[in-house]
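The values are calculated or read from the model by the stated rules, or taken from the named source; none is laboratory data. All values derive from a computational prediction rather than experimental measurement. Cβ sites come from the backbone with ideal geometry, for glycine too, and all protein chains shown count toward neighbours. The protein model used for the area step is the full one, side chains on, heavy atoms only, and it has no ligands, DNA or RNA in it. Shrake-Rupley method; radii C 1.70, N 1.55, O 1.52, S 1.80 Å.
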Amino acid sequence: MFIYPKVLNRKELKKIAKYSCDEQVKDAYLKYLTNYSFEEFAQYCEDNEGENLEDLLFKFTDLQLEKYKPNSLIWISHVMVNFMIYFNVNLDYGNCYDAYASALQLTVFSCAMKMVMDKIPFEEVSLPDYSKDSFRRFFDKCPDFRFNLNNDSTLAYKSFNNDFGFSSEEFYQKIKIFFESEGFI
């Protein structure tokens, strides 16, 4: 359906290198936002000069969703990309709880999409590799992070205010098995 992060070709990289803007803007784009337009992001940063770059990253990704009809396939793809961006930005900026919450939300949403796309019951859905890798990276960077997986899984599930065809308890049990197998709990 989509690839994150999008790999840029040489021509795109040269264009970014020649663009007249702050190097931090270029670096942030290349690290987190390659799925979106560089020119739009650079202009957005210029229009909001003086704002914290971390905040600009989140606001910019949220604005991208407004371009599409809610619940359309392209909108759903962007929601998933945004959760990946939120995770990476939060982890890099040391916002452990927000990174953890983003990874849980991405996992709930990804499992639901897998059920719909593959027309399979929740029991047959495996945790996405990207989610597994995110949690591994998370616990490598935040090894002493304290959490309540049951409550946090429920919050991630309920944050969508949607019936995905599986319960928050079923999600918790699935993620708990993975956390136990990795030694996170």
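When averaged across all projection directions, what area in nm² does the alpha-carbon convex hull of the range 1-139 cover? Don't skip to the end; give the middle numbers.
Working: hull surface 36.8 nm².
That works out to 9.2 nm², a quarter of the Cα hull's surface.
Explain nothing, just compute: Karplus ³J(HN,Hα) = 6.51 cos²θ - 1.76 cosθ + 1.60, θ = phi - 60°, for every residue of the range 136-151 in order, whole Hz, x for Gly and Pro.
Couplings: 5, 4, 4, 6, 5, 7, 10, x, 9, 4, 9, 8, 10, 4, 4, 5 Hz.
Under the rule that an exposed site lies in a DSSP loop and has at most 14 other Cβ atoms within 10 Å, name the longest stretch of the chain with no GluC sites (Glu not before Pro) of that kind, not counting the sites themselves. Spell out each step's value before the answer.
On the way: sites that count: Glu49, Glu51, Glu66.
My reading of the result: 67-185 is the longest stretch.
Mind checking the range 1-96 for chymotrypsin sites (Phe, Trp or Tyr not before Pro) that DSSP puts in a loop (not H, G, I, E or B) and that have at most 14 other Cβ atoms within 10 Å? Walk me through the numbers on the way to the answer.
Numbers: sites: Phe2, Tyr19, Tyr29, Tyr32, Tyr36, Phe38, Phe41, Tyr44, Phe58, Phe60, Tyr68, Trp75, Phe83, Tyr86, Phe87, Tyr93; in loops: Phe2, Tyr19, Tyr36, Tyr68, Tyr93.
Filter output for the range 1-96: Phe2, Tyr19, Tyr93.
Ordering Cys45, Cys96 by how much accessible area each has at a 1.4 Å probe, largest first, what is the list?
Working: Cys45 10, Cys96 35 Å².
Ranked list, largest accessible area first: Cys96, Cys45.
Do the sum for the chain: with -39,500 (n - 2.57) for every DSSP H run of n ≥ 4, divided by all residues, what is the mean residue ellipticity at 222 nm, to the nearest 500 deg cm²/dmol? It would help to have the intermediate numbers written out before the result.
Numbers: 9 runs with 123 residues, N = 185.
Mean residue ellipticity at 222 nm (helix-derived): -21500 deg cm²/dmol.
Can you pull the three principal axis extents for the Cα set of the range 97-139, in Å, largest first?
32, 15, 14
So, for the range 98-185, what is the accessible surface per residue at a probe of 1.4 Å, expressed in square angstrom? Don't skip to the answer; put the middle values down first.
Values: 4690 Å² over 88 residues.
Per residue, the range 98-185 has an accessible area of 53 Å².
With θ set to phi - 60°, apply the Karplus curve 6.51 cos²θ - 1.76 cosθ + 1.60 along the range 116-123 and write out the HN-Hα couplings as whole Hz, x wherever there is a Gly or Pro.
Result, rounded to whole Hz: 5, 5, 8, 6, 10, x, 4, 4.
Give me a comma-separated list of calculated 3J(HN,Hα) values for the range 171-185, in order, Karplus coefficients 6.51, -1.76, 1.60 applied at θ = phi - 60°, integers in Hz, x for any Gly or Pro.
With the stated coefficients, the range 171-185 comes to 4, 4, 4, 5, 6, 4, 4, 5, 4, 5, 5, 8, x, 6, 10 Hz.
With all protein chains present and a 1.4 Å probe, how do Asp152, Asp47 order by accessible area, largest first? List each step's numbers first, then the result.
Numbers: Asp152 20, Asp47 110 Å².
Result of the area sort, largest leading: Asp47, Asp152.
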